[in-house]
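Comments concern the structure below.
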Amino acid sequence: MRSRAFPLVLSATLLAACTSSSGEEPDEGATEAPVAEVAVSAPDEALTVVADTDPVGSAIGTSRALFDSADVAVLAAEDDRPGMLLGASAAVALGVPLLVTTGQAAPEPVTAELERLGVDTLLAVGEAAGAVPESGPEVVVVDADAGAVAAVIGTDLAEGEPVPADGAAGAVAALDAEAPVALQPDAGAPDAETETEAETTEAEETEPATTDEVLPEVDRPEPLEDTMVLATGLPESVAGIATARAAGARVLLTGGTTDPRASEAVVDAMAEQSPETVVALGAGFAAEDGLDWKVATAATGVELPGGGQLLFPGRLLVALYGHPGTGALGLMGEQPLEAAIERARAHAAPYEPLVDETVVPTFEIIATIASSSAGADGDYSNEADIEMLRPWVEAAGEAGMYVVLDLQPGRTDFVTQAELYRPLLEMPHVGLALDPEWRLGPNEVHLVQIGSVGIEEVNRVVHWLADLTRENRLPQKLLVLHQFRLDMIPGRERLDMSRDELAIMVHADGQGGQGAKQSTWEVLRRDAPEGLRWGWKNFYDEDIPMLTPEQTISDVEPDPELITYQ
């Protein structure tokens, strides 16, 4: 049934008149109040991006994504903050879309969306009254006043906390149809001049027309509980957020990021809800490369040690280096597994009061060991059995530690050796390190030549490890490139940094006097590709002297994000 309405203005002074009851029984012959129908549905695709850069387009895009039809809709003006907030309150309370208008006339796309929805009655809040469509639905006009809006929608609205200028997106995302709230801006304390202007304006206003017409009752559809909306929270998305909440979709604000893996709250919420469909609301999402697999990864809820799905910033790894069962190759193997875990924790603990980041104890395990002899396969590298390493890798993960598998490949290539440890690298807390010092050419042997690896081979590892990470929907993985001379990775300026499945790090492995180590650090960082992370190694026996944790943080700039002890 088409609802009957006509231009209407209400103010707070009319609330009592509009909501009072005479107590008389209704006439038996009275016409039954019209009921407005609304239909919603989840998008057909698992991921839908609403990337409009203006409020009008953002509101329409969200409406199209979630609403099939609506006999009633709400309209607010782009620059009318009180009207936008109360329009959002009304839209969520009713369960109908909130559209946005500008200037003196409704933009053509708004008129087209009203026609698509089949809107019979349009509630224009505040300044939207001056820009309603010239033809189409019947219009109900209401002041941007909480009491007036409550009266016209026929719903009690609780008084909400005043909304700060930068808090509209969050306040609207929190609206709940089961507990309707009237949102109003936090205007602050006006000064004397503002008060005088306000009094003058109020005196000049014409008393609004009186009527007790209200909107037809809206038959709310079942909420879209299997749909989640991710929003960056920019101002242009406020109406879209309101429309999403009106449809019953959950809205998560990402804190400004367009990578859902970057927000621990988003990861946790997506894992809890396991949405069937996701709508990404915000212009930045269109530019986020790989948004589909990033959303799928976030939805797993699998997190790194220390929380979240991105390694850096926000995390400092402090590692023991070595090989299980032998102290000849580093600290990690000098004691049994459980004692090694405790020793790693003991090395990490002094850094906790020194940095703001989460400090994560780490094992860097030498998985393939450079050999002085060719061996049966002729590659001058001894590959550890994966089942020998597995207990160390699994126990570290259970202890909340990160693990890096280090490769010293001899005359074979890094991808071939990495493939041997795929089952371990498919664990979310395991990264990979390449040690070019031990990557030999066809006629080279260890300790006679210092090895090196061409950038083409490194980039093959980048894509191999990134593909593994994406295919298994794993949190970001660390890829470490050990280096203490520039010629160990010729062509490093062409390192492929495009795969943000990975955090790629150069780890400065120089040893000796601190002056020489600092010089190496500076040379390695010179002209490095943008986005590289940086790691530092402290040697117990070879450094002169070895830096304390306090010195490592204060003397090494920028602060390393992996500090390894050998």
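Quick one: which of Thr227, Thr232, Thr194 is at pLDDT 95 or above and among the hydroxyl-bearing types (Ser, Thr, Tyr)?
The conditions single out Thr227.
Any residue in the stretch 343-354 that is of a type in the set (Phe, Trp, Tyr), more than 21 Å from Leu434 (Cα to Cα), within 29 Å of the chain's Cα centre (by Cα) and modelled with pLDDT of 95 or more?
yes
Within the stretch 380-395, can you find the residues that are more than 34 Å from the chain's Cα centre (by Cα) and surrounded by fewer than 16 Cβ atoms within 10 Å (Cβ to Cβ)?
Once the filter is applied, which keeps residues that are more than 34 Å from the chain's Cα centre (by Cα) and surrounded by fewer than 16 Cβ atoms within 10 Å (Cβ to Cβ), the stretch 380-395 yields Asp385, Ile386, Glu387, Met388.
Among the residues of the stretch 431-451, count how many are of a type outside the set (D, E, K, R) and in a helix (DSSP H, G or I).
Of the residues in that region, 2 qualify.
From the set of residues in the stretch 487-502 that are among the hydrophobic types (A, V, I, L, M, F, W, C) and buried (at least 22 other Cβ atoms within 10 Å of the Cβ), which is modelled with the highest pLDDT?
Restricting attention to the stretch 487-502, the residues satisfying the condition of being among the hydrophobic types (A, V, I, L, M, F, W, C) are 488-489, 495, 497, 502.
With buried (at least 22 other Cβ atoms within 10 Å of the Cβ) added as a condition, the list becomes 489, 502.
Values: Ile489: 94, Leu502: 98.
In this case the residue turns out to be Leu502.
Go through the residues of the stretch 156-173 one by one and say whether even a single one is of a type outside the set (Asp, Glu), modelled with pLDDT of 90 or more and more than 30 Å from the chain's Cα centre (by Cα).
Yes, the stretch 156-173 contains a residue that is of a type outside the set (Asp, Glu), modelled with pLDDT of 90 or more and more than 30 Å from the chain's Cα centre (by Cα).
Are any of the residues in the stretch 511-520 closer than 22 Å to Gln309 by Cβ and buried (at least 18 other Cβ atoms within 10 Å of the Cβ)?
Looking through the stretch 511-520, none of the residues is closer than 22 Å to Gln309 by Cβ and buried (at least 18 other Cβ atoms within 10 Å of the Cβ).
Among what's in the stretch 106-149 and is β-branched (Val, Ile, Thr) and assigned to a loop (DSSP other than H, G, I, E, B), pick the residue that is nearest to Pro162 (Cα to Cα).
Val132
Go through the stretch 309-344 and report how many residues are on the phi > 0 side of the Ramachandran plot and buried (at least 22 other Cβ atoms within 10 Å of the Cβ).
2
Would you confirm whether any residue within the stretch 437-446 is under 30 Å from Glu264 (Cα atoms), surrounded by 17 or more Cβ atoms within 10 Å (Cβ to Cβ) and either assigned by TED's automatic domain parsing to the domain that holds Asp527 or not polar (S, T, N, Q) (or both)?
no
Wholly within the stretch 472-558, which strands (runs of 3 or more DSSP E) include no fewer than the required count, namely at least 2 residues that are charged (D, E, K, R)?
533-538
Could you check the stretch 278-301 and list, in sequence order, the residues that are surrounded by fewer than 22 Cβ atoms within 10 Å (Cβ to Cβ) and in contact with a Lys or Arg (Cβ under 6 Å, 6 or more places away or on another chain)?
Passing the criteria: Trp293, Ala296, Thr300.
Given the conditions (1) in contact (Cβ under 8 Å) with a residue 40 or more places away in the chain; (2) more than 37 Å from the chain's Cα centre (by Cα), and given that Glu426 satisfies all but one, which numbered condition is not satisfied?
(2)
Please find, within the stretch 329-381, the residue that is nearest to Asp559 (Cα to Cα) out of those that are in contact with a Gly (Cβ under 7 Å, 6 or more places away or on another chain) and of a type in the set (Gly, Ala, Ser).
Looking at residues that are in contact with a Gly (Cβ under 7 Å, 6 or more places away or on another chain) and of a type in the set (Gly, Ala, Ser), I get Gly330.
Of Gly322, Gly306, which residue is outside any strand (DSSP E or B), in contact with a strand residue (DSSP E or B) (Cβ under 8 Å, 6 or more places away or on another chain) and not assigned by TED's automatic domain parsing to the domain that holds Thr257?
Numbers: Gly322 fails: outside any strand (DSSP E or B).
Gly306 is the lone residue from the list that is outside any strand (DSSP E or B), in contact with a strand residue (DSSP E or B) (Cβ under 8 Å, 6 or more places away or on another chain) and not assigned by TED's automatic domain parsing to the domain that holds Thr257.
Provide a single number: the residues in the stretch 259-293 that are of a type in the set (Val, Ile, Thr) and farther than 21 Å from Ala242 by Cβ.
1
Would you call Pro428 part of a loop (DSSP other than H, G, I, E, B) and either hydrophobic (A, V, I, L, M, F, W, C) or closer than 23 Å to Ile563 by Cβ (or both)?
Against the criterion (part of a loop (DSSP other than H, G, I, E, B) and either hydrophobic (A, V, I, L, M, F, W, C) or closer than 23 Å to Ile563 by Cβ (or both)), Pro428 qualifies.
The values are calculated or read from the model by the stated rules, or taken from the named source; none is laboratory data. Computed from a predicted model, the values in this text were never measured in an experiment. Here Cβ is always computed from backbone atoms with ideal geometry, including for glycine, and neighbour counts include all displayed protein chains.
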